[in-house]
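Working notes, beginning with the structure itself.
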Protein chains: 4
Amino acid sequence: MPVKPFVYQSRVRFGDTDASGRIFYVSLLNHFDAAEAEFLRHLGVGYREIQNRKVGFPRVRVECDYTGALVYDDLMDIEVTVDRVGGASFTLGFVVTVEGRHCARGKVTIVCIDRETQRPIPLPENLRSALS
Amino acid sequence: MPVKPFVYQSRVRFGDTDASGRIFYVSLLNHFDAAEAEFLRHLGVGYREIQNRKVGFPRVRVECDYTGALVYDDLMDIEVTVDRVGGASFTLGFVVTVEGRHCARGKVTIVCIDRETQRPIPLPENLRSALS
Amino acid sequence: MPVKPFVYQSRVRFGDTDASGRIFYVSLLNHFDAAEAEFLRHLGVGYREIQNRKVGFPRVRVECDYTGALVYDDLMDIEVTVDRVGGASFTLGFVVTVEGRHCARGKVTIVCIDRETQRPIPLPENLRSALS
Amino acid sequence: MPVKPFVYQSRVRFGDTDASGRIFYVSLLNHFDAAEAEFLRHLGVGYREIQNRKVGFPRVRVECDYTGALVYDDLMDIEVTVDRVGGASFTLGFVVTVEGRHCARGKVTIVCIDRETQRPIPLPENLRSALS
């Protein structure tokens, strides 16, 4: 039975646009940051809970394809999915549409590290189960 | 004898602009952040040296008047001056010109705090002397 | 009879914070940008409707006092009010609280210009009435 | 005979960092934006010259791998190279090092469009030759 996908809605703000009249490509990724946070909160493993002085979650890879124009005030539907769960890292996928029109797709890979050694460590068990 | 003013040069980047074709007003303040850092480095009291686990320097007030258009690729001269030195805080002034044309003026007030108590503490002596 | 104030809710995102652990002071102003847009939409004069190739609305002044710490994931209540309505400009006021705790207050002044001449022109009548 | 690579130097600003103490991953891409602009200026085809009301250069893809920590005030060497030149688009490569230590590598693909039709058009000849 298909599960309803998680969708975070976010607006293109004036400060997100650039002189071309479209969204500045980097600015879209700030919306991914918000979508990622809300997706994990939705799964019950929000960063405020799982991130602490001992464990950190740096992003180690991002990619994004911009397939359609996004302009000021567009209300974006950002669908977030789990793309991959590894031993010490996971990858989220993002698909951005505006009223059904495809505008962008991207991925962000997040690794779990020990903040003292700055080395990768296994994902916390509650995060792993939530993502699986 | 007049002292040569400190001027930090910075360019309006494409991501700084908005759909109006001008700089997005908030983005200019990121250039103030860079100018502030370089000004303090120039005085020999760069934040990397004076900021540590015990002492922090949150900004507690900002103001800026935008007097002329700034557009993509403009090379800004940002003059930084010490506007006021208090017991636990100081205020820097910023004047932005492009080829002599006045474009903005602003002020930022920075307070020195004990990071544990989050309460204001006297400015470090070397910072106070550098600013005076 | 008191009118219910307009409040826009917005979260402090991870990208809004800085190495001090608090919100980076400039980032808060991006939330003001969003609150301004939603306030005008709420009044029925959203920028997408009133802004066009002929008329622009550059911000000519911003000020903000930061009175309390804002940290990652804080859910901010940003109350927006009309502070002043002039001939060619208006000023909005912003008060930021988190669970009732006062964190910041600011003002933004917006001027209406003819995009061709880049000179101030009277506020559009529908905007003026909505703000009054 | 090897050609000296183009390197743009840029500092990690306080506003670029996040509460982890490192650079916020999205912020690095703003430095790529600056490096891209300076690289094209260096080639004699700066955007201010080649971009106009008829021709635009949206970015259609970005990717970045973060391989080492970047912290406040790090002076980054961003080496920019031409990765690929296509009919209507080109890809730039970026390698970020700090004092020789590898910190990130990325790519940005830029397409040339007719701003009226919003459709891809061949790269301007002077841009193509400069990139080849």
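When only alpha carbons are used to place a centre, the range D:110-130 and the range D:1-62 end up 19 Å from one another.
So if we plug the beta-carbon distance of D:H102 and B:R41 into 1/(1 + (r/R0)^6) with R0 = 22 Å, what FRET efficiency do we get, rounded to 0.05?
Details: r = 26 Å, r/R0 = 1.16.
The value I calculate is 0.30.
Listed by chain and number, the lysines placed with their C-alpha closer than 25 angstrom to that of C:K107 are B:K107, C:K4; residues fewer than eight positions away on the same chain are left out. Think of each Lys and Arg Cβ as +1 and each Asp and Glu Cβ as -1; about the Cα centre, that makes the dipole of chain B roughly 400 debye.
Please compute the average number of Cβ atoms from other chains found within 10 Å of each residue's Cβ in peptide C:5-14. Walk me through the numbers before you get to the answer.
Numbers: counts 0, 0, 0, 0, 0, 1, 4, 1, 9, 15.
Across C:5-14, the average partner-chain Cβ count within 10 Å equals 3.
Sequentially through the range C:109-116, phi angles give Karplus couplings (6.51, -1.76, 1.60; θ = phi - 60°) of 10, 10, 10, 9, 10, 7, 5, 6 Hz, Gly and Pro residues having no value and appearing as x.
Within the range A:36-128, the GluC sites (Glu not before Pro) that combine a DSSP coil assignment with at most 12 other C-beta atoms in a 10 angstrom radius are A:E99, A:E116. Distance to the A-onto-D rotation axis is smallest for one chain A Cβ; residue and value in angstrom are A:E63, 2.
Could you tally the net charge around B:D65, taking each other residue with its Cβ under 15 Å from the Cβ of B:D65, Lys/Arg +1 and Asp/Glu -1? Kindly include the intermediate steps, with their values, before the conclusion.
Numbers: positive: B:R22, B:R61, B:R101, B:R105, B:K107, C:R59, C:R61, C:K107; negative: B:E63, B:E79, B:D83, C:E63.
Around B:D65, the charge tally is +4.
As a rough footprinting exposure proxy, the listed residues D:K4, D:K54 were ranked by other beta carbons within 10 Å of their own, and the order from fewest upward is D:K4, D:K54. With label points set 7 Å from Cα along Cα→Cβ, the inter-copy distances at A:R53 are 0.9, 6.0, 6.1 nm, sorted shortest first.
Measuring r between the beta carbons of C:Q9 and D:V7 and using R0 = 30 Å, the FRET efficiency lands at 0.10.
Counting residues in the protein assembly as shown as N, plug N into 2.2 N^0.38 Å and put the Cα Rg over that result.
Details: Rg = 23.0 Å, N = 528, 2.2 N^0.38 = 23.8 Å.
Compactness ratio reported: 0.96.
Amide H contacts for B:A19 (H built 1.01 Å from N in the peptide plane; partners 5 or more residues away or on another chain; cut-off under 5 Å): A:T17, A:D18. What base-10 log of the normalised intensity I(q)/I(0) is obtained for the range B:38-90 from the Debye formula, alpha carbons as equal point scatterers, at q = 0.17, 0.22, 0.25, 0.27 Å⁻¹? With one equal scatterer per Cα and no solvent, log10 I(q)/I(0) is -0.81, -1.11, -1.23, -1.29. Proximity of backbone amide H atoms, modeled 1.01 Å from N, is registered between D:V55 and D:R115 at under 5 Å, excluding neighbours fewer than 5 places apart on the same chain.
For the range C:32-39, backbone phi angles converted through the Karplus equation (6.51, -1.76, 1.60; θ = phi - 60°) give residue-by-residue couplings of 4, 4, 5, 5, 4, 4, 6, 5 Hz, Gly and Pro being listed as x.
Taking the Cβ-Cβ separation of B:A88 and C:V71 as r and a Förster radius of 22 Å, what is the calculated FRET efficiency to the nearest 0.05?
Values: r = 22 Å, r/R0 = 0.98.
For B:A88 and C:V71, the calculated efficiency is 0.55.
A point 7 Å from Cα along Cα→Cβ stands in for B:G93, and the other copies hold the same point at 2.8, 5.0, 5.7 nm, listed in rising order.
Would you mind calculating the gained length between D:D114 and D:R48 on full extension (0.36 nm times residue separation, minus the Cα-Cα distance), in nm to one decimal? Display every interim value, and only then the final one.
Numbers: separation 66, 0.36 × 66 = 23.76 nm, distance 1.61 nm.
Gain on extension, D:D114 to D:R48, equals 22.1 nm.
Residue-wise HN-Hα couplings along the range A:72-84, as the Karplus relation 6.51 cos²θ - 1.76 cosθ + 1.60 with θ = phi - 60° gives them from phi, are 3, 6, 4, 9, 8, 9, 10, 8, 10, 9, 8, 8, 6 Hz; Gly and Pro carry x.
How large is the translational diffusion coefficient of the range A:24-120 in µm² per second when you combine the Kirkwood radius over alpha carbon pairs with Stokes-Einstein at 10 °C and 1.306 mPa s? Translational diffusion coefficient: 111 µm²/s. Label-point distances for B:Q118 to the equivalent site in the other copies, using a point 7 angstrom along Cα→C-beta, read 2.8, 4.4, 4.6 nm when ranked shortest first.
Computed from the coordinates by the stated procedures, all read-outs in this text should not be read as laboratory data. Values in this document were obtained by computation on a predicted structure and should not be read as measured data. Glycine gets a Cβ as well: all are built from the backbone with ideal geometry, and neighbour counts include every protein chain shown.
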